[in-house]
Amino acid sequence: MQFQFSVEELQGIVQPSHINGVFQGKITQISNLREAKSGSLSFLSNPKYSRDVAHCEASVLLLPENFDHTPKENQVIFFCKNPSIALAKICQYIEKLNADPIRSEIHPTAMIHPTATLGKDVSIGAYVVVEEGVRIGEKTVIDSGTFIGKYSSIGQHCKIWPNVSLMSFSQIGNRVTLHSGVVIGSDGFGFVAVDEFHQKIPQVGNVVLEDFVEIGANTTIDRARFASTIIGQGTKIDNLVQIGHNVKIGKNCIIVAQVGIAGSTIIGDRVTIGGQVGIAGHLHIADGTQICAQSGVTKNTEPNVTLLGSPATPYRDAVRQFAALTELPKILKKFTKFIKNRPADFREKP
Amino acid sequence: MQFQFSVEELQGIVQPSHINGVFQGKITQISNLREAKSGSLSFLSNPKYSRDVAHCEASVLLLPENFDHTPKENQVIFFCKNPSIALAKICQYIEKLNADPIRSEIHPTAMIHPTATLGKDVSIGAYVVVEEGVRIGEKTVIDSGTFIGKYSSIGQHCKIWPNVSLMSFSQIGNRVTLHSGVVIGSDGFGFVAVDEFHQKIPQVGNVVLEDFVEIGANTTIDRARFASTIIGQGTKIDNLVQIGHNVKIGKNCIIVAQVGIAGSTIIGDRVTIGGQVGIAGHLHIADGTQICAQSGVTKNTEPNVTLLGSPATPYRDAVRQFAALTELPKILKKFTKFIKNRPADFREKP
Amino acid sequence: MQFQFSVEELQGIVQPSHINGVFQGKITQISNLREAKSGSLSFLSNPKYSRDVAHCEASVLLLPENFDHTPKENQVIFFCKNPSIALAKICQYIEKLNADPIRSEIHPTAMIHPTATLGKDVSIGAYVVVEEGVRIGEKTVIDSGTFIGKYSSIGQHCKIWPNVSLMSFSQIGNRVTLHSGVVIGSDGFGFVAVDEFHQKIPQVGNVVLEDFVEIGANTTIDRARFASTIIGQGTKIDNLVQIGHNVKIGKNCIIVAQVGIAGSTIIGDRVTIGGQVGIAGHLHIADGTQICAQSGVTKNTEPNVTLLGSPATPYRDAVRQFAALTELPKILKKFTKFIKNRPADFREKP
């Protein structure tokens, strides 16, 4: 995104504890410590990069309050309680500068069914299709090319990016974000084998996304076989995730990219699921469970445990197993030799 | 989806062996045993939930014929040969109630090339693009925003959901379903290194989907380098699956979400592939092979084996290896101590 | 794709070292050695299929120069320095035959913002949306249903397939290919926990794709938190891949389907990443690293190493560990018995 700030403007946004140094030019980009140059703003948030501060060429540098650094020529230091939060404030400011104005307009090419009801200040982009009986809450923005299936409802202040497919009867809460390519409410994967033929089990439920949910690009969430697939309030889901039918996810979970959750599994609140994790069907994942990337979960979990591996085991056990496996080839060689040298001790009894 | 049934209507749909109890109201939802309340229909299909029947508040309850349960007040029991099939009948009924009427209309915004030929009663939604030489069979429904590339053919009674991309020369059989976001016939991933540059190998084949195939949301199936990538009759593929170029899949396979199958692999009939499995290229997977979730298959398989793990091994071996790995840290500690106590037995010869 | 060649036409395209045999008909398909029949062209590129040559029914057969084979009746052999390159030449020819003519036209339904600037001979399909300030280079083709967000720039000779979503401020180089369903520049997955609520960290950077990059169907590349997510020149990415925010990928890498790369990881040049690999965030993957399919990379790598496993280890170590694991159940049984027979040697000291 585009921006141009003077030091004074940045000072107004960040309100640092104190500042040191002088820079007369404009800040037009944000960079990490190593790549920053004149015109860049940079920052130290992770102490592991502390050594990069000395060589940093940034014109404005956000540092922790008690960090010992004297500005170079044409460099200003903002000493801040929390440089991460200071950076976030600047980014929020940039985001607002670059945001689309709320147009509150329905593009003339949008196909809105006459029975659909739209709240105040709804914006709908080009080539959107809104079917029969849909309800859309005020200030929601639906970008171009998106499909909204019949009898779906979408709350207030939602943002639906281009080319989303939201199938019939979905219920979307307030302040929900759906990124491009998301598919909500496609049929659950349910078949019953009749002889060798897989006969489709009708999927007559829907999908419910509660308030403040965010769904990443090209993620798919299947409609329930009956009742609802539910994503709880405040849960954030990354890109290319698959959520099976009748899954229920609690509040404020974090689900990283390419996770797959099989049908009817119930996930508690505040669960964190790392990238590429698979979770089998019909399980209960307790509140606060943490699942490391690429794990495969095959059993119910106790609250607040951390799991690793496929099949997933408690983190410390898994780490010990990995360590043991690393030693195994060497030890096995020793033991095999030992067996060979003492045939009597290892002879199978007839 | 929406519905409202009296007990008599449900009795007509399900035709239970016998019934017991009285409920005068309307059934408006289907719920599992624990969540059912007045106005819900519930069912017992998996015996592991038998204990939940006693406390179930459903107004109508589908139970196996010889299950011992006396209805509560305002509760009706339908005793059925197979409660799962009874439920499926109800769901099919609900699905039909909520289905779009076959409109057999071409939306005025659909861009249909004059050389395309459309069968009787084809429905095409808003903003669909149908290119040169495409053929579409009777009663096929193509939803809004979908792209059908030149010289593709689509059979009869197919359902193509919104925002699908079907590339040129694809051949789709009868009664095929493509869910939203599916991409069929994108280029295979083929490059040849010339010095360090990866030069593209043209992908001039196509994709063939035989009759009764279903493809889940956002799944991608690449066109062949030459000849065809083929998905056999009755095979069902879940969401976010990747099928590489020149793969051939047999009949009546089940492929769960997020599976990846690399180029030129041949898969037999009735193969079941669990979620997130990866299968290397140029392999033969024999008829009836079962591959557990997250496995990585690197070798050809014999018919009807079950495989687990990455690299995948026969199921029983894999389970034994996982069990052994669990014990390994403890045993290794013992053995290391044993070695230490008997240096003479383990000394390396010079 | 469709074609029909006489032997003479093929000879002109391939220019074989010498030819043997006679075939008067037309070649209308390319097949592998086992499936070829009259009218097919086939080829031997991988020596492991040499035995199939004798039984091959192809009408035209591309063989290595010194391969010993006498043509059957109605069969012509083209002896070639490199049959793979000969085949590629034919496929390139077929591809050109079937390519869309460069129409250099803007479809009347495309919504092009008046501030967008389009180079010479740009083609834009039906229902494309091009927002404010976009720049598109000459001879670039943008297919139907695609969204191009504001202030994006796209170079010359690019091909963007149908239903792509390219978000604002993206910078696309020359001769870049984006397949259907690709999402470029969706928000990075960044949240900061405030109590239990995950507050969104604004993602104000963009995505940069350098020249000659190709991105597979339904792949997602997130915009940077600040600065840019960068895919280097000549890098080829397969389908359903996830690239996190602020990732930087070098030149001429190959990234196979369903790979996930977490935020801020830096990947060197000529790196090869197999299918379904996961790479953790904030890592440095050195030039020439090769990562086998399904591996999970958790540490920085040295140049030109090959890695396998999850967690990933050097290839030879991983293979030894897998081999040891295979033997483990048997050996463990022996060792457990040994311990049992010699309790004194293994008694824990108090």
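Contact order for chain C, expressed relative to its length and based on alpha carbon pairs under 8 Å spaced 6+ residues apart, stands at 6 percent.
Rounded to the nearest whole angstrom, the semi-axes of the ellipsoid equivalent to region C:7-98, taken from the Cα gyration tensor as √(5λ), stand at 18, 14, 13, largest first.
Tally the DSSP beta bridges in region C:111-313 and give the antiparallel ones as a percent, rounded to 5. In region C:111-313, DSSP labels about 10 percent of beta bridges as antiparallel. Shielding of peptide A:200-209 by partners, expressed as the average count of other chain Cβ atoms within 10 Å per residue Cβ, is 5. Shown for chain A: the carbon plus sulfur share of the solvent-accessible area, taken with all protein chains present and a 1.4 angstrom probe, equals 50%. Averaged over the residues of peptide C:143-151, the number of Cβ atoms from other protein chains lying within 10 Å of each residue's Cβ is 6. Counting Cβ atoms of other protein chains within 10 Å of each residue's Cβ and taking the mean over peptide B:88-95 gives 4. Taking trypsin sites (Lys or Arg not before Pro) across region A:272-336, the ones in a DSSP loop with at most 13 further Cβ atoms lying within 10 angstrom of their Cβ are A:299. Region A:243-312 and region A:22-82 have their alpha-carbon centroids 39 Å apart. Summed over the residues of region C:7-98 and divided among them, the accessible surface reaches 55 Å² per residue at a probe radius of 1.4 Å.
For residue B:81, the aspartates and glutamates whose Cα falls under 18 Å of its own Cα, not counting residues fewer than eight places away in the same chain, are B:65, B:68.
Taking all protein chains as they are arranged and a probe of 1.4 Å, the heavy atoms of residue C:37 leave approximately 120 Å² accessible to solvent. If you take the charge dipole of the protein assembly as shown about its Cα centre, with +1 on Lys and Arg Cβ and -1 on Asp and Glu Cβ, which of A:230, A:55, B:295 is farthest toward its positive end? The listed residue farthest towards the positive side: B:295.
For a test of the definition: using alpha carbon positions, the gyration tensor, and the 1.5 limit on a/c, classify chain C as rounded, prolate or oblate. Oblate, since a/c reaches 1.5 and b/c is not below a/b. Shown for region B:236-271: residues covered by the partner protein chains by 30 Å² or more of accessible area relative to the chain by itself (probe radius 1.4 Å), namely B:236, B:238, B:239, B:240, B:242, B:248, B:252, B:254, B:258, B:270. Chains C and A together bury roughly 5000 Å² of accessible area, counting both sides, with a 1.4 Å probe on protein heavy atoms only.
Over the protein assembly as shown, the pair-distance histogram of Cα-Cα distances with 20 Å bins from zero comes to 12, 40, 34, 13, 1 percent, rounded to whole numbers. When N is the residue count of region C:224-341, what does its C-alpha Rg come to as a fraction of 2.2 N^0.38 Å? Normalised Rg, Cα atoms only: 1.32.
The tail of the calculated P(r) for region B:131-289 beyond 21 Å holds 40 percent of all Cα-Cα pairs. Check the straight Cα-Cα distances from residue B:37 and name the aspartates and glutamates below 16 Å, setting aside those fewer than 8 residues away within the same chain. Here the aspartates and glutamates satisfying the reach criterion relative to residue B:37 are B:52, B:57, B:73.
Each of C:112, C:124 has its accessible area taken with a 1.4 Å probe; listed largest first, they run C:112, C:124. Counting only Cβ charges, +1 for Lys and Arg and -1 for Asp and Glu, the dipole size of region A:111-313 around its Cα centre is about 240 debye.
The values are calculated or read from the model by the stated rules, or taken from the named source; none is laboratory data. Just so we're clear, the structure is a prediction, and the values are computed from it rather than from any experiment. Note that we place each Cβ from the backbone using ideal geometry, even for glycine, and neighbour counts take in every protein chain shown. These accessible areas exclude ligands, DNA and RNA; they are computed on the full protein's heavy atoms, side chains included. Shrake-Rupley method; radii C 1.70, N 1.55, O 1.52, S 1.80 Å.
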